[in-house]
């Protein structure tokens, strides 16, 4: 047995220990969140559904793209929020709400995709148990580019965003807009899906 053998074993043990620590940390975090969820003032919600994206004029992004690639009609989105609800009925709630979405377009032998990761805060109004209105804002990190064809354009964009969502029973509808710097067009997002809340 040589030194490289022992070094390899040591590295594997370190990686295993780090993975165990990650698992323990995740379990502790989940337990803590479950404990918080049982607290009277905690507000939690989650949504998953269809997401479409619209970019507007592509002319300043890449002259090879045409107007019919502005839409990304095939997509999925999800959000999860945790915050504090005021009062017994939690009529007003504030908190943080990370979100993720992906849109794809297949047009003229080109496949375009945009992966969206958002960090945002929310303000939610719940006039009735089955109905809520929420406004949210924050930053959006968009990873955009061509997946096929002769296109090689790709771009990562970090920009402010804002939006609103209506929830009725277990369904939601939302709109958001991301404000790219000039010359890039604004990105509009439209989503509908299933909503779950505590």
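The values are calculated or read from the model by the stated rules, or taken from the named source; none is laboratory data. The shown structure was predicted, so the numbers you read here are calculated from the model rather than taken from an experiment. Cβ sites come from the backbone with ideal geometry, for glycine too, and all protein chains shown count toward neighbours.
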Original post:
Which of the following residues is closer than 15 Å to residue 54 by Cβ and either modelled with pLDDT under 95 or surrounded by fewer than 19 Cβ atoms within 10 Å (Cβ to Cβ) (or both): 187, 89?
Top reply: 187
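Condition check ((1) surrounded by 22 or more Cβ atoms within 10 Å (Cβ to Cβ); (2) within 17 Å of residue 188 (Cβ to Cβ)) across all residues:
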| residue | (1), (2) |
| --- | --- |
| 93 | yes, no |
| 106 | no, no |
| 122 | yes, no |
| 136 | yes, yes |
Original post:
Name the pairs whose Cβ atoms lie under 6 Å apart, with the first residue in the stretch 157-183 and in the same structural domain as residue 142 (by TED's automatic domain parsing), the second outside any strand (DSSP E or B) and buried (at least 17 other Cβ atoms within 10 Å of the Cβ), and 6 or more positions between them or separate chains?
Top reply: 157/180; 159/180
